[in-house]
1. How long are the three semi-axes of the equivalent ellipsoid for region 171-322, computed from the Cα gyration tensor as the root of 5 times each eigenvalue, in whole Å, largest first?
2. Please give the Cα centre distance for region 261-325 versus region 216-249, rounded to the nearest Å.
3. FRET efficiency for Val311 and Ile133, Cβ-Cβ distance as r, R0 = 51 Å, nearest 0.05?
4. Taking the solvent-accessible surface of protein heavy atoms with a 1.4 Å probe, what is the per residue accessible area of region 171-322 in Å²?
5. Taking each pair of distinct Cα atoms in region 211-282 once, what is the resulting Kirkwood hydrodynamic radius in Å?
6. Considering only protein heavy atoms and a 1.4 Å probe, what is the carbon-and-sulfur percentage of the accessible area of region 198-280?
7. With a sphere of radius 9 Å drawn around the Cβ of Thr257, what net charge do the other residues whose Cβ falls strictly inside it have (Lys, Arg +1; Asp, Glu -1)?
8. Given a cut-off of 18 Å, name the pairs among Lys209/Lys252; Lys188/Lys326; Lys188/Lys252; Lys188/Lys307; Lys220/Lys328; Lys183/Lys216 whose C-alpha atoms lie farther apart than that in the structure shown.
Amino acid sequence: MASLAIWRSASRFRNFRGYLCAHTLRQCGSSVSSSPPIADNLHRPSLPFLQPVIPVGAGFKSLGICGRYLSSSAAASTSDNQEKSSSSSKANSKGTQSSGGSQQSGSDAGKPVRGGPVSWLSFLLLLATGMGIIFYYDKEKKRHIEEISNASKAVKEGPSAGKAAIGGPFSLINHDDKPVTEKDFLGKWTMIYFGFTHCPDICPDELQKLAAAVDKIKEKAGIEIVPVFISVDPERDTTEQVREYVKEFHAKLIGLTGTSDEIKKVARAYRVYYMKTAEEDSDYLVDHSIVMYLMDPNMEFVKFFGKNSDVDSLTDGVIKEIKQRKLKR
């Protein structure tokens, strides 16, 4: 009887403990969504009078399940608290940053704003530099204009203003087959014409004009002029050819010829252009300058006369130049 009383007491104690565990699990299941599967497996115990007998092993199993559930609930609540604390700390840090940014913007708003990229000082310096450059160029321009004006006033009118680079030494052969240089004409007024003996019309016309002007100059002013003919066709104009050619125009006309190099040298000295045209067998023409050069007794260039001058204009022009030279001396 005593053992039966002890067993009943123990059974009542186990039933009461199971009831406490089941009640605790229901409270936890209402707050945790993952707990119903565990709570559904645990049945609410009846009163000790309705269920007097419960196996001993079931009590220990229920205690183990209840312990595991309580530990898992505690861990879940701990993790929830940590997440909430971390989220609150992040919110606090963001609030701090925003407040710091607002404070910084406020502090920046209180600072004075700098001026633009061009200050008044730099603008004044730029203006002064520009005015200085304009003044300098204006001064240089005026000085250059004055120099040109003074130089133009200093230049004298007439041939004496400057000497053209025309004329120079030469060494040729005359129509008598004798060597001749520019020195043989010193002390005489000379008129030189460049041409060739096979010229069909221009050279004969110019030489006739030259011969007539020489005679007129002698008649009107009593000035002796030496007419000179220099060939630009050394291949065909031999001394004999030149001799026969000059006799047809004037008794005092001197004909000169030479080698190709000698003719090139004298033509270059007197700025004379000449060139052979297209050849047809041995008959060809020579294109050349049509100019007469007036040289003074020092064999220095005085003036040239072109094709447009007739006999009278050529005569008057030569006399005028010679008289001007004599007056200047």
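1. Working: eigenvalues 120, 57, 41 Å².
Three semi-axes, in Å: 24, 17, 14.
2. Cα centres, region 261-325 to region 216-249: 12 Å.
3. Working: r = 63 Å, r/R0 = 1.23.
Efficiency for this residue pair is about 0.25.
4. Values: 7470 Å² over 152 residues.
Each residue of region 171-322 exposes 49 Å² on average to a 1.4 Å probe.
5. Values: mean 1/r = 0.0713 Å⁻¹.
Computed over Cα pairs of region 211-282, the Kirkwood hydrodynamic radius comes out at 14.0 Å.
6. Details: 2160 of 4310 Å².
That fraction is 50 percent.
7. Result for the local shell: -3.
8. Working: Lys209/Lys252 14 Å; Lys188/Lys326 13 Å; Lys188/Lys252 13 Å; Lys188/Lys307 24 Å; Lys220/Lys328 21 Å; Lys183/Lys216 26 Å.
The answer is Lys188/Lys307; Lys220/Lys328; Lys183/Lys216.
The values are calculated or read from the model by the stated rules, or taken from the named source; none is laboratory data. Since this is a predicted model, take the numbers as computed values, not measurements. We place every Cβ from the backbone using ideal geometry, glycine too, and count neighbours over all the protein chains shown. What goes into the accessible areas is simple: the full protein's heavy atoms, side chains included, and nothing from ligands, DNA or RNA. Shrake-Rupley method; radii C 1.70, N 1.55, O 1.52, S 1.80 Å.
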